[in-house]
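The values are calculated or read from the model by the stated rules, or taken from the named source; none is laboratory data. Here the structure is a predicted model, which means the values were calculated and not measured. Here the Cβ is made from the backbone with ideal geometry for all residues, glycine too, and neighbour counts use every protein chain on show. Surface accessibility is based on the protein's heavy atoms, side chains included, excluding ligands, DNA and RNA. Shrake-Rupley method; radii C 1.70, N 1.55, O 1.52, S 1.80 Å.
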Amino acid sequence: MLAALSEGYPVLKCYTEAGFAEKIASIRREAKEQGVTPVKIDHYVGVITGQCFVGEISSQGKLLIPKAQRERLRLEDLVSIVGRGAYFELWNPDEFAIVSSPEAMQQIELDKMFGILT
């Protein structure tokens, strides 16, 4: 799991091991194509992987999230789980409500082309 920002809010991005490996490979490929030096790429990947942790499932089948991550995400009793295709995100429900409001959906540029959200 990777601590990140989405639309300015803290989220936890949850990948499978294979999905995360592909994400890192994609970052390496794209950065190399842009002329970024191997040292800078390694540093960036190191920072990303340094923020990750492997998710653990309890004997009750619950996803265990370390206290530091729960505090950073401002998670208490409830969490919003948001599918993103190759991964999913864990959000504070109040913050996700803000970014998924009808007003926020109207601001998504690609929806002007596809018209799915509004």
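Assorted remarks:
- In terms of Cα atoms, the Rg and Dmax of the stretch 1-108 work out to 15.7, 48 Å.
- Rounded to 0.05, the FRET efficiency of the residue 68 and residue 4 pair, given R0 = 22 Å and the Cβ-Cβ distance, is 0.90.
- Estimated dipole of the chain in Debye, rounded to 20 [Cβ of Lys and Arg +1, of Asp and Glu -1, Cα centre]: 380
- Ellipticity estimate at 222 nm from DSSP helix runs (n ≥ 4, -39,500 (n - 2.57)) divided over the chain, nearest 500: -13000 deg cm²/dmol
- In the full protein context, the stretch 1-47 carries 66 Å² of accessible surface per residue, based on a 1.4 Å probe and ignoring ligands, DNA and RNA.
- FRET efficiency for residue 98 and residue 54, using Cβ-Cβ distance with R0 set to 35 Å, rounded to 0.05: 0.70
- Cross-link pairs beyond the 28 Å C-alpha cut-off, checked among 32/62; 13/67; 32/67; 23/62: 32/62; 32/67
- For the stretch 1-60, the relative contact order comes to 40 percent (Cα pairs under 8 Å, sequence separation of at least 6).
- In order along the stretch 83-93, the Karplus-derived 3J(HN,Hα) couplings, from 6.51 cos²θ - 1.76 cosθ + 1.60 at θ = phi - 60°, round to x, 10, x, 7, 8, 10, 10, 10, 10, 5, x Hz, and Gly and Pro are given as x.
- Taken over the Cα atoms of the stretch 1-56, the convex hull encloses 86 Å³ per residue.
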